[in-house]
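Read through the structure below, which is laid out as structure tokens, and then see the notes.
The values are calculated or read from the model by the stated rules, or taken from the named source; none is laboratory data. Given the structure is predicted, the values throughout are model-derived calculations rather than measurements. Cβ placement follows ideal geometry from the backbone for every residue including glycine, while neighbour counts extend to all protein chains displayed. Areas reflect the complete protein model, heavy atoms only, side chains present, ligands, DNA and RNA absent. Shrake-Rupley method; radii C 1.70, N 1.55, O 1.52, S 1.80 Å.
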Amino acid sequence: MRAKSDQPLAGIVPKLLAWFDRSARTLPWRTAPGVGRDPYRVWLSEIMLQQTTVPHAAPYFAAFTTRWPTVEALAAARDDDVMQAWAGLGYYARARNLLKCAREVAARGGFPETEAGLRTLPGIGPYTAGAIAALAFGERTPAVDGNAERVFARLLAIKEDWAAAKKRIALLARDLVPEDRPGAFAEALMDLGATICTPRKPNCAICPVAAYCRAFDEGEAESYPIKPEKIARPERFGIVYVLRRGGYIWVVRRPPSGLLGGMLALPSSEWSETRQDAAAPVDAEWEVLGEVRHVFTHFSLKLDVWFAETPDTDLPEGFWTSEDEIDGLPTVFAKAAALAGLSARRKR
Ligand code: ADE
Ligand code: SF4
């Protein structure tokens, strides 16, 4: 049931759409008005954007769609090529799911055309299913991501518990989606959240829906959404070894499951909760270059970076790879390689 106090909010729909028609961002995965959207490109961009920001995702999107222009092409790609192309986007389980999903879609002969059908694919949750259904297939379904939730939390000045708030927002958004332009409504909310109703300093003075906004009325836009305090991330420590011989560096394959599962990596000590005593994996003239930090979902990591040039022994596990390949390493290792002065062609 819809709360009476939520009713007037329906007025935001035409305002938002009119604003979107004037101010929509031009983004690589969007098309000109009236031009249909390829579900493959919508899906790919949405998966990437769950992971990172629009400017960071854009070159990856261009690289993927140039190399694999269709879902069938991606489905036929080698796993390693896709994992390497994904490197730098983080959270590699997502890249594995990407391939799994592409292969399933190719086997089915195309993307399912409804939100419910899309939900049956690997790696596609409620938000992504809604986004693809609305943007590519015109289904009257919402696509509410964190940005849209923030906008609604402010419009309604939601003070209740955040978990309950999210449910209320999902129901409300479902009611608001316009029959004729579900995709434009979704992207209008995304653009509003990204350009005006931003997390820190919302620009209410130019907001197309300020007249409907209770947080604005209260003069408290920045205070919303009210979320529970985040728990602090524990720290972990380790040593990462950059071992170089000529134009080659030593890499290892990480175990198939667990963090960065199956990815190429630089050799490292265990990542433990306390700083460890220095221990070299092999005799060499090690030089300590400094430290790199990386934040993972469940902990933040500090790695001392050790570097040695061309010892004549190899490590027990792993192999030499060309320095040119190291941009295909997960970001934490690419940071270590960059500290050693090895390439970091890709912007991070
Ligand atoms: N974030 C997630 N999906 C998006 C899209 N289609 N456009 C802009 N930002 C987004
Ligand atoms: Fe966000 Fe301010 Fe617009 Fe309210 S008025 S929706 S807080 S930008």
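Of note:
- Choice from 180, 327, 312 showing the highest fluctuation, given a GNM over the chain with Cα pairs closer than 10 Å: 312
- Amide H partners (placed H, <5 Å) of residue 248, local residues excluded: 323
- Accessible surface of segment 89-248, 1.4 Å probe, proportion on carbon and sulfur as whole %: 52
- Residue 72-residue 13 FRET efficiency (beta carbon distance; Förster radius 35 Å; 0.05 resolution): 0.40
- Counted over the chain, the DSSP beta bridges are approximately 65% antiparallel.
- Dipole of segment 235-347 computed with +1 at Lys/Arg Cβ and -1 at Asp/Glu Cβ about the Cα centre; of 267, 278, 310, farthest Cα towards the positive end is 267.
- Each of 86, 252, 340 was scored by the projection of its Cα onto the charge dipole of the chain, and the greatest displacement toward the positive side belongs to 86; charges sit on the C-beta of Lys, Arg, Asp and Glu.
- Relative contact order for the chain, counting Cα pairs under 8 Å that sit 6 or more residues apart, in percent: 16
- Difference of contour (0.36 nm per residue) and Cα-Cα distance, residue 218 to residue 195: 6.2 nm
- Estimated dipole of the chain in Debye, rounded to 20 [Cβ of Lys and Arg +1, of Asp and Glu -1, Cα centre]: 1220
- Highest-fluctuation residue, 132, 124, 226 considered, GNM on the chain with Cα pairs under 10 Å: 226
- Note on the chain: with a GNM built from Cα contacts shorter than 10 Å, the maximum mean-square fluctuation among 185, 296, 333 falls on 296.
- Accessible surface computed residue by residue for the chain, with neighbouring protein chains in place and a 1.4 Å probe, gives 50 Å² per residue.
- Full-extension gain in nm, residue 163 to residue 289, via 0.36 nm per residue minus C-alpha separation: 40.9 nm
- Extension gain from residue 312 to residue 21, taking 0.36 nm per residue of separation minus the Cα-Cα distance: 98.4 nm
- D_trans [Stokes-Einstein, Kirkwood Rh over alpha-carbon pairs] for segment 235-347, 37 °C, 0.692 mPa s, µm² s⁻¹: 232
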